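Note sheet for the following structure.
The values are calculated or read from the model by the stated rules, or taken from the named source; none is laboratory data. The model shown is predicted, which means the values in this text are computed figures rather than measured ones. Here Cβ is always computed from backbone atoms with ideal geometry, including for glycine, and neighbour counts include all displayed protein chains.
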């Protein structure tokens, strides 16, 4: 099974905004960004299954890629809790530093840790790999893609942020017989 992990395209968020699960609109460049993504993908059947985060920035993209979209809350971005929709430079610096130094197991106030995100995306991956589809698209967020890659590669979670996950990027994996090959990342 060919699995394409796709990060949503650029958003209209103010630079430096903490917007994990805040529903932020896509940027005005969406039509061009969509064209770039389509150019990175092979010809897909119109009913190609697309699993996506329920946030509009993923749903909008998924709807343009296929008529067979299935929302899955396990693909949501990390929940920043009380920090959602605030600029990072407005967050108390000691609290932010404590979180960035310990993000794997420490959550922002009323949010979730990277371990929490990892657990739900790993659960999604287990369900996905039971599918028998030829090609599957997964439209989600940078954090969810990092967590999925850490799970697939059995990496220490603290190393997950070494993956660059650009807006509108495509990451191709090939799953076969309980083994996952990485064809390419961040195209």
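General observations
- Exclusive hit being under 30 Å from residue 31 (Cα atoms) and within 14 Å of the chain's Cα centre (by Cα), set 128, 148: 148
- Count of residues meeting criterion [under 20 Å from residue 62 (Cβ atoms) and out of contact with any strand residue (DSSP E or B) (no Cβ under 9 Å at 6 or more places or on another chain)] in the range 108-122: 2
- Qualifying positions in the range 70-107 - surrounded by 14 or more Cβ atoms within 10 Å (Cβ to Cβ), in contact with a strand residue (DSSP E or B) (Cβ under 8 Å, 6 or more places away or on another chain) and free of Cβ contacts under 8 Å to residues at least 40 places away in the same chain: 71
- One residue alone among 120, 146 is touching a residue at least 40 places away in the same chain (Cβ under 8 Å) and assigned to a helix (DSSP H, G or I), and that residue is 120.
- For the range 34-43, the criterion of being touching a helix residue (DSSP H, G or I) at 6+ places or on another chain (Cβ under 7 Å) and either crowded, with 18+ Cβ neighbours inside 10 Å or over 24 Å from residue 171 (Cα atoms) (or both) is met by no residue.
- Residues that are in contact (Cβ under 8 Å) with a residue 40 or more places away in the chain, within 29 Å of residue 129 (Cβ to Cβ) and surrounded by 17 or more Cβ atoms within 10 Å (Cβ to Cβ) do occur in the range 17-25, at least one of them.
- Verdict on residue 128 being surrounded by fewer than 16 Cβ atoms within 10 Å (Cβ to Cβ) and at pLDDT 95 or above: no
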